[in-house]
Amino acid sequence: MKKMKKKRFERRHLMEFFVKSIMQTALLIVAGALGLILWAVITRGLPSLTWDMVSQVPQGGYYMGKEGGILNAIIGSIYLAAGGTLLAMLLSLPIALYLKTYLGDSKWGECVRLSLDVLWGIPSIVYGAFGFALMLTLGMRASLLAGVVTLALVEFPIMTRAMDEVIRRMPADLEQAALALGSTRFEVALHVVARQTLPGITTAILLAFGRGIGDAASVLFTAGYTDRIVTSPMRPTASLPLAVFFQLGSPYPEVRERGYAAALILTVIVLLVSFGSRWLSARLAKYTIK
Amino acid sequence: METHIQVKNLNAYYGRQQVLRNINVEIPRKQITVIMGPSGCGKTTLLKTFNRFFELNEEARLTGEVLVDGQNIYGRDVDVTEVRKCVGLLAQRPSPLPMSIYDNVVYGMHIHKMKKDRKEYKAAVRHYLEIAGLWEEVQNRLHDPAASLSIGQQQRLCLARGLAVEPEIILGDEPTSALDPISSQNIESRLLELKRQYTTVIVTHTLRQAKRLADSVIYMYMGEVVEAGPAKEVFGNPQHERTKQYLEGLF
């Protein structure tokens, strides 16, 4: 064997080192940003995060720093995001299945996917304005229902595209394997397609939920804000993103601190949903074919 | 020799392209029939007409008849799921269903409601895994994901799964082409054992495998059957120039 050269002096190894460093730097910046966000929210929010914050609605004088909490916004946000996600699911699942079963990669299929990508990119304040205009046309007032409908519109392109990708990645051999045993098409869909794609569909749904619960702009005009816990879909409701927004804009430092506490609560909910969805889809994925 | 599958005047098309031309062959009962020929000759297409997989392609169209025990499986009152229950398929690459090893074998029996209770299903799973030569290896991990098996084991699982719905015919679409030599040999010896009970039709592109397995041979070229008959005759004394050339490895 010839004597081997020292590796670090070669140009192509330098190149590799250089490119790898760029990748690592990018990763570091993103991880650092996430760390800083968590740090900011925790250090500023934790001191004001009392039991009252999560168990009470705003009392008189809450917005000047007196007692009360934001239970109204927590419950409102959960209702809004859960309702929006459920409604979006009712649209997304049939569309995703239709895309797979009938449109496939045809011109129309690509057309639908392009439209969904465009919808995905539209800022949520535009959905908010659209929802508001729709509300006025129908003679509705700001309400939980209007907020749910608008959030569903924000969520459904994300959910549909995510489901579409999952269903498209389903190996064709699987369906044939079940058909070869004498299954009907319906049995194939129920026993095989559903089992194979369920983990991905769960992820898609929870991804959309995460987006929905954090969205402020779309519920600003449509769901309104109130200090009471919402009791009817026709009444306005508070939400966490708006609770953060209003409180951070306060001249009282105590209220601004509580804004961070509200942000912390929202962040914890989003984290719980993310980890929960990971755990759930990993469990569901035990038997899927990779 | 008794005929099990009879193909009569079969023509098949994908869109405008004709892929099978006027096929007339008979496939003997409880023997291994090997379909061979160069790639693109239509051998897999012919195989797929036997379990009505051919029609899964939207552009597919066909005229003529495929008779199993004298009944045309393309007849109007024939239930396609019954055809596929009666005609099992071993695909080119094993594709286990997204379930446990146990559930893979049970699945077909379940949808056809073939057994009465759990005990019977359990016994049947063991029986078919034994036939496929997999029981020893998986008896302690029946509830593991089927995807955790090696490719060779997966193909034997697919064999067990196919046999569990009690077919009369086994189709093999190059069933060993994705496997390593030892797994291939394993599958081949299963097929040789099973031919006493099942009519078997195998597509292969390896001549040596054809010689090892075949009782009867169909040689195809460009969508037509060039020569068909008992293996001894076709291999020993081919009647057609094309068959001779193929057997000599000229193309």
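Touching a residue at least 60 places away in the same chain (Cβ under 8 Å), over 16 Å from residue A:87 (Cα atoms), in a helix (DSSP H, G or I) and away from chain B (no Cβ under 14 Å): does that describe residue A:132?
Values: touching a residue at least 60 places away in the same chain (Cβ under 8 Å): yes; over 16 Å from residue A:87 (Cα atoms): yes; in a helix (DSSP H, G or I): yes; away from chain B (no Cβ under 14 Å): yes.
In short, yes.
Suppose we filter A:198, A:220, A:174 for residues that are surrounded by 21 or more Cβ atoms within 10 Å (Cβ to Cβ) and touching a Leu at 6+ places or on another chain (Cβ under 9 Å); which single one remains? Outline the logic, then answer.
Values: A:198 fails: surrounded by 21 or more Cβ atoms within 10 Å (Cβ to Cβ); A:174 fails: surrounded by 21 or more Cβ atoms within 10 Å (Cβ to Cβ).
Exactly one of A:198, A:220, A:174 is surrounded by 21 or more Cβ atoms within 10 Å (Cβ to Cβ) and touching a Leu at 6+ places or on another chain (Cβ under 9 Å), namely A:220.
From A:234, A:159, A:163, grab the single residue that is farther than 30 Å from residue B:56 by Cβ and of a type in the set (A, V, I, L, M).
On the way: A:159 fails: farther than 30 Å from residue B:56 by Cβ; A:163 fails: farther than 30 Å from residue B:56 by Cβ.
One residue alone meets the criteria, A:234.
Would you point out which residue out of A:250, A:281, A:183, A:277 is among the hydroxyl-bearing types (Ser, Thr, Tyr) and without any contact (Cβ under 8 Å) to a residue 24 or more places away in the chain?
Working: A:250 fails: without any contact (Cβ under 8 Å) to a residue 24 or more places away in the chain; A:281 fails: without any contact (Cβ under 8 Å) to a residue 24 or more places away in the chain; A:277 fails: without any contact (Cβ under 8 Å) to a residue 24 or more places away in the chain.
Result: A:183 is the single residue among A:250, A:281, A:183, A:277 that is among the hydroxyl-bearing types (Ser, Thr, Tyr) and without any contact (Cβ under 8 Å) to a residue 24 or more places away in the chain.
What's the number of the condition residue A:75 fails, among (1) crowded, with 17+ Cβ neighbours inside 10 Å; (2) over 19 Å from the mean Cα position of the chain (by Cα)?
Only one criterion in (1) crowded, with 17+ Cβ neighbours inside 10 Å; (2) over 19 Å from the mean Cα position of the chain (by Cα) is unmet by residue A:75, namely (2).
Go over the candidates A:143, A:183 one by one and state the one that is polar (S, T, N, Q) and within 14 Å of another protein chain (Cβ to nearest Cβ).
Values: A:143 fails: within 14 Å of another protein chain (Cβ to nearest Cβ).
Going through A:143, A:183 in turn, the sole match is A:183.
Give the residue that is nearest to residue B:47 (Cα to Cα), with candidates limited to residues of the stretch B:189-210 that are more than 13 Å from the chain's Cα centre (by Cα) and part of a loop (DSSP other than H, G, I, E, B).
That would be B:205.
Identify, by number, the condition in (1) out of contact with any Cys (no Cβ under 9 Å at 6 or more places or on another chain); (2) buried (at least 16 other Cβ atoms within 10 Å of the Cβ) that residue A:123 doesn't meet.
(2)
Hey, can you tell me all the residues within the stretch A:98-107 that are under 16 Å from residue A:161 (Cα atoms) and either surrounded by 16 or more Cβ atoms within 10 Å (Cβ to Cβ) or modelled with pLDDT of 90 or more (or both)?
A:99, A:100, A:103
Could you check residue A:139 against (1) touching a Gly at 6+ places or on another chain (Cβ under 9 Å); (2) at positive phi; (3) surrounded by fewer than 23 Cβ atoms within 10 Å (Cβ to Cβ) and say which number it fails?
Of (1) touching a Gly at 6+ places or on another chain (Cβ under 9 Å); (2) at positive phi; (3) surrounded by fewer than 23 Cβ atoms within 10 Å (Cβ to Cβ), only one is false for residue A:139: (1).
Please go through the stretch B:211-229 and give me each residue that is free of Cβ contacts under 8 Å to residues at least 40 places away in the same chain and under 19 Å from the mean Cα position of the chain (by Cα), ordered by number.
Across the stretch B:211-229, the qualifying residues are B:211, B:212, B:229.
Is it true that some residue in the stretch A:243-266 is surrounded by fewer than 22 Cβ atoms within 10 Å (Cβ to Cβ), β-branched (Val, Ile, Thr), more than 14 Å from every other protein chain (Cβ to nearest Cβ) and assigned to a loop (DSSP other than H, G, I, E, B)?
For the stretch A:243-266, residues surrounded by fewer than 22 Cβ atoms within 10 Å (Cβ to Cβ), β-branched (Val, Ile, Thr), more than 14 Å from every other protein chain (Cβ to nearest Cβ) and assigned to a loop (DSSP other than H, G, I, E, B): absent.
Take residue A:77 and tell me if it is in contact (Cβ under 8 Å) with a residue 40 or more places away in the chain and within 26 Å of residue A:250 (Cα to Cα). Before the answer, list the steps.
Working: in contact (Cβ under 8 Å) with a residue 40 or more places away in the chain: yes; within 26 Å of residue A:250 (Cα to Cα): yes.
Yes, satisfied.
As an exercise: evaluate residue B:217 against (1) surrounded by fewer than 20 Cβ atoms within 10 Å (Cβ to Cβ); (2) in contact with a strand residue (DSSP E or B) (Cβ under 6 Å, 6 or more places away or on another chain) and give the number of the one condition it does not meet.
Answer for residue B:217: the failing condition is (1).
Residues in the stretch B:56-70 that are surrounded by 14 or more Cβ atoms within 10 Å (Cβ to Cβ) and without any contact (Cβ under 8 Å) to a residue 24 or more places away in the chain: how many?
Adding up the residues that qualify gives 0.
Which one of these does residue A:193 not meet: (1) at pLDDT 90 or above; (2) in a helix (DSSP H, G or I); (3) within 14 Å of another protein chain (Cβ to nearest Cβ)?
Residue A:193 satisfies every listed condition except (1).
Evaluate the following for residue B:183: is it of a type in the set (Gly, Ala, Ser) and within 14 Å of another protein chain (Cβ to nearest Cβ)?
On the way: of a type in the set (Gly, Ala, Ser): yes; within 14 Å of another protein chain (Cβ to nearest Cβ): no.
No.
Evaluate the stretch B:29-40: report whether one residue or more is crowded, with 23+ Cβ neighbours inside 10 Å, at positive phi and away from chain A (no Cβ under 12 Å). Even if it seems obvious, please write down each step before you answer.
So in the stretch B:29-40, the residues crowded, with 23+ Cβ neighbours inside 10 Å come out as B:32-37.
Still in the running and at positive phi: B:37.
Then keep just the ones that are away from chain A (no Cβ under 12 Å); that gives B:37.
Yes, some residue in the stretch B:29-40 is crowded, with 23+ Cβ neighbours inside 10 Å, at positive phi and away from chain A (no Cβ under 12 Å).
Quick one: is residue B:95 hydroxyl-bearing (Ser, Thr, Tyr) and within 14 Å of chain A (Cβ to nearest Cβ)?
Numbers: hydroxyl-bearing (Ser, Thr, Tyr): yes; within 14 Å of chain A (Cβ to nearest Cβ): yes.
Judged against the criteria, residue B:95 is a match.
Pull up the stretch B:71-108, narrow it to residues that are among the acidic types (Asp, Glu) and surrounded by fewer than 17 Cβ atoms within 10 Å (Cβ to Cβ), then point me to the one that is farthest from residue B:157 (Cα to Cα). Lay out the reasoning, then the answer.
Narrowing the stretch B:71-108 to residues among the acidic types (Asp, Glu): B:77, B:79, B:82, B:103.
Next, from what is left, pick out any that are surrounded by fewer than 17 Cβ atoms within 10 Å (Cβ to Cβ): B:77, B:79, B:82.
Numbers: B:77: 32, B:79: 26, B:82: 22 Å.
Going through the qualifying residues, I end up with B:77.
Answer yes or no as to whether residue B:84 is out of contact with any Pro (no Cβ under 7 Å at 6 or more places or on another chain), within 12 Å of chain A (Cβ to nearest Cβ), touching a residue at least 12 places away in the same chain (Cβ under 8 Å) and more than 30 Å from residue B:24 (Cβ to Cβ). Lay out the reasoning, then the answer.
Working: out of contact with any Pro (no Cβ under 7 Å at 6 or more places or on another chain): yes; within 12 Å of chain A (Cβ to nearest Cβ): yes; touching a residue at least 12 places away in the same chain (Cβ under 8 Å): yes; more than 30 Å from residue B:24 (Cβ to Cβ): no.
Considered against the rule, which asks whether it is out of contact with any Pro (no Cβ under 7 Å at 6 or more places or on another chain), within 12 Å of chain A (Cβ to nearest Cβ), touching a residue at least 12 places away in the same chain (Cβ under 8 Å) and more than 30 Å from residue B:24 (Cβ to Cβ), residue B:84 comes out as no.
Quick one: is residue A:24 surrounded by 13 or more Cβ atoms within 10 Å (Cβ to Cβ) and among the polar types (S, T, N, Q)? I'd like the intermediate steps shown before the answer.
Working: surrounded by 13 or more Cβ atoms within 10 Å (Cβ to Cβ): no; among the polar types (S, T, N, Q): yes.
Considered against the rule, which asks whether it is surrounded by 13 or more Cβ atoms within 10 Å (Cβ to Cβ) and among the polar types (S, T, N, Q), residue A:24 comes out as no.
In the stretch A:98-115, is there at least one residue being of a type in the set (Asp, Glu) and assigned to a helix (DSSP H, G or I)? Before you say what the answer is, go through the steps one by one.
Here is the first cut: in the stretch A:98-115, the ones of a type in the set (Asp, Glu) are A:105, A:110.
Subsequent filtering for residues that are assigned to a helix (DSSP H, G or I) retains A:110.
Taking every residue of the stretch A:98-115 in turn, at least one turns out to be of a type in the set (Asp, Glu) and assigned to a helix (DSSP H, G or I).
Picking from A:289, A:205, which residue would you name as being more than 14 Å from chain B (Cβ to nearest Cβ) and touching a residue at least 40 places away in the same chain (Cβ under 8 Å)? Talk me through it step by step, then tell me what you get.
Details: A:289 fails: more than 14 Å from chain B (Cβ to nearest Cβ).
Every option except A:205 fails the conditions.
What's the total number of residues in the stretch B:157-169 that are more than 10 Å from chain A (Cβ to nearest Cβ) and in contact with a helix residue (DSSP H, G or I) (Cβ under 7 Å, 6 or more places away or on another chain)? Outline the logic, then answer.
From the stretch B:157-169, those more than 10 Å from chain A (Cβ to nearest Cβ) are B:157, B:159-160, B:163, B:166, B:168-169; that's our starting set.
Next cut, in contact with a helix residue (DSSP H, G or I) (Cβ under 7 Å, 6 or more places away or on another chain) only: B:157, B:159-160, B:163, B:168-169.
Of the residues in that region, 6 qualify.
Are any residues in the stretch B:115-174 closer than 30 Å to residue B:69 by Cα and of a type in the set (Asp, Glu), and if so, which ones?
Passing the criteria: B:120, B:130, B:166, B:168, B:173, B:174.
Residues are listed down the side, and each one gets a yes or a no for (1) more than 8 Å from chain A (Cβ to nearest Cβ); (2) within 30 Å of residue B:21 (Cα to Cα):
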residue	(1), (2)
B:56	no, yes
B:61	yes, yes
B:71	yes, yes
B:78	yes, yes
B:99	no, no
B:102	yes, no
B:105	yes, no
B:127	yes, no
B:144	yes, no
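The values are calculated or read from the model by the stated rules, or taken from the named source; none is laboratory data. Everything quoted here is computed from the prediction, not taken from an experiment. Cβ atoms come from the backbone with ideal geometry, glycine included; neighbour counts cover every protein chain shown.
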